[in-house]
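Let me begin by presenting the structure, written as structure tokens, before commenting on it.
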Amino acid sequence: MEQWFNVGKIVNTHGVKGEVRIISKTDFPEQRYQPGNKLFLFLPKAQAPIELTVKSHRTHKNFDLLVFEGYENMNEVEKFKEGILKVPESQLTDLEEDEFYFHEIIGCRVVTTSGNEIGKITEILTPGANDVWVVKDAHGKEVLIPYIQDVVQKVDVQEKLVTIEPMEGLLS
């Protein structure tokens, strides 16, 4: 059975020419939203996904704006709101060393180099220069781990284990 990976959520239309506003959940928006790429739209009550081809992409404020081939006016894309855009596993590409897909990182246990268990990665934030991994400890407290070389020492996606060297103040 095909496994699907979230790319983004359509939250609204934008203008009258069929643009949709996306809250992106992909690691590689410039690759996923490239004109000609295929995305699959999963709507809440639909039986099957709708295959869409990206016609154009641009960013506006904190959103990605897309137009799909054959859907070039607001009335045609209004029904896409709240839909989730996904790609099948077959569209995932090989990554460079020390690059990971979000789904490989989320769920990993985090330990320090001295062996202390911190918790599990529950979310990845992409605020700017580097990603930030949200780790929940056993008590539900969140710890924010910057994905930088000084902190993240080792990532083992097979074992679902991340080893960090906490910088001063990170765990307090």
Can you tell me which residues in the range 74-113 are exposed (fewer than 12 other Cβ atoms within 10 Å of the Cβ) and over 30 Å from PRO44 (Cα atoms)?
ASP94, GLU96, GLU97, ASP98, GLU99, THR113
Selected residue [part of a loop (DSSP other than H, G, I, E, B), under 25 Å from TYR33 (Cβ atoms) and hydrophobic (A, V, I, L, M, F, W, C)] from ALA138, ALA129
ALA129
In the set VAL111, VAL132, the lone residue that is outside the structural domain of LYS17 (by TED's automatic domain parsing), within 17 Å of GLU165 (Cα to Cα) and at pLDDT 90 or above is VAL111
Result of the Cβ filter at 8 Å on the range 160-172, keeping first residues that are in contact (Cβ under 8 Å) with a residue 12 or more places away in the chain and partners that are in a loop (DSSP other than H, G, I, E, B) and exposed (fewer than 13 other Cβ atoms within 10 Å of the Cβ), at least 6 apart or interchain, is LYS160/GLY107; THR163/THR113; ILE164/THR113; GLU165/THR113; GLU165/ASP150; MET167/ASP150
Looking at the range 10-26, can you tell me whether even one residue there is closer than 23 Å to ILE124 by Cα, of a type in the set (Ser, Thr, Tyr) and either in contact (Cβ under 8 Å) with a residue 24 or more places away in the chain or crowded, with 16+ Cβ neighbours inside 10 Å (or both)?
yes
Go through (1) surrounded by 14 or more Cβ atoms within 10 Å (Cβ to Cβ); (2) among the hydrophobic types (A, V, I, L, M, F, W, C); (3) touching a Cys at 6+ places or on another chain (Cβ under 9 Å) for VAL152 and report which single condition fails.
(3)
Tell me, please, whether a residue that is free of Cβ contacts under 8 Å to residues at least 60 places away in the same chain and either closer than 30 Å to VAL143 by Cβ or in contact with a strand residue (DSSP E or B) (Cβ under 6 Å, 6 or more places away or on another chain) (or both) can be found in the range 79-87.
no
Residue pairs qualifying under the 7 Å Cβ cut-off, at least six apart or on distinct chains, with the first in the range 33-61 being farther than 15 Å from LYS9 by Cα and the second being part of a loop (DSSP other than H, G, I, E, B) and not polar (S, T, N, Q), are THR53/GLY36; THR53/GLU69; LYS55/PRO35; LYS55/GLU69; SER56/PRO35
Give the range 137-159 a look and list any residue that's polar (S, T, N, Q) and touching a residue at least 12 places away in the same chain (Cβ under 8 Å), or say none.
GLN153
Regarding HIS103, is this residue under 28 Å from TYR147 (Cβ atoms) and free of Cβ contacts under 8 Å to residues at least 40 places away in the same chain?
no
Is one or more of the residues making up the range 69-89 closer than 30 Å to VAL162 by Cβ and among the basic types (Lys, Arg)?
yes
Taking GLU168 as the residue in question, decide whether it is at pLDDT 85 or above and in a loop (DSSP other than H, G, I, E, B).
no
Which one of these does ASP27 not meet: (1) in contact with a Phe, Trp or Tyr (Cβ under 7 Å, 6 or more places away or on another chain); (2) at pLDDT 90 or above?
(2)
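The values are calculated or read from the model by the stated rules, or taken from the named source; none is laboratory data. Here the structure is a predicted model, which means the values were calculated and not measured. We place every Cβ from the backbone using ideal geometry, glycine too, and count neighbours over all the protein chains shown.
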